[in-house]
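Heads up, the thing below is written out as structure tokens.
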Amino acid sequence: QATPTADRGAASSRLLDVDEFTEFLDAESSAVLVNVHVPYEGHLDGTDAFIPFDMIVEAAELPVDRSAPLALYCRSGAMSAAATAALTDAGYTSVVDLDGGMNAWVDSGRVLLDDPSAAS
């Protein structure tokens, strides 16, 4: 039986590898996909928001419903780990983080989009 990597009462987060992250996005069609990396260094297709990791809790782009599924990523995983911790501390209950970030995404043979205007 799988257990969340962080358990703070009802709030939880999971660190997912590239395949698990893709499966989560496929299964959770309402998930908000957020690039938290600064500065812009590319993004995954389907990204819904670009929010700096250190401003994630205050971001207007996040769902008001703290049980809504959120999927975070950055370049290597460090910024998204910080953002994930901040969101679970703020009471978000369904947060996943891409282990290894965009680097792992590309290493797995998947495509990274490079369109800085998407982030503005």
TODO: Would you be able to say whether some residue in the stretch 43-59 is under 21 Å from Ser30 (Cα atoms), open to solvent by 10 Å² or more (accessible area, probe 1.4 Å) and assigned to a strand (DSSP E or B)?
DONE: yes
TODO: Considering (1) under 13 Å from the mean Cα position of the chain (by Cα); (2) assigned to a loop (DSSP other than H, G, I, E, B); (3) more than 20 Å from Phe24 (Cα to Cα), say which one Val64 fails and leave the rest.
DONE: (1)
Open item on the list: So the check is Cβ under 9 Å with 6+ separation or different chains; which pairs have a first residue in the stretch 76-92 that's surrounded by 21 or more Cβ atoms within 10 Å (Cβ to Cβ) and a second one that's hydroxyl-bearing (Ser, Thr, Tyr) and assigned to a helix (DSSP H, G or I)?
Closed with: Tyr92/Thr84
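The values are calculated or read from the model by the stated rules, or taken from the named source; none is laboratory data. Because the structure is predicted, anything quoted here is derived from the model rather than measured. As a convention, Cβ positions derive from the backbone with ideal geometry for all residues, glycine included, and neighbour counts pool all protein chains shown. To get the accessible areas, we keep the full protein, side chains included, count just its heavy atoms, and leave off ligands, DNA and RNA. Shrake-Rupley method; radii C 1.70, N 1.55, O 1.52, S 1.80 Å.
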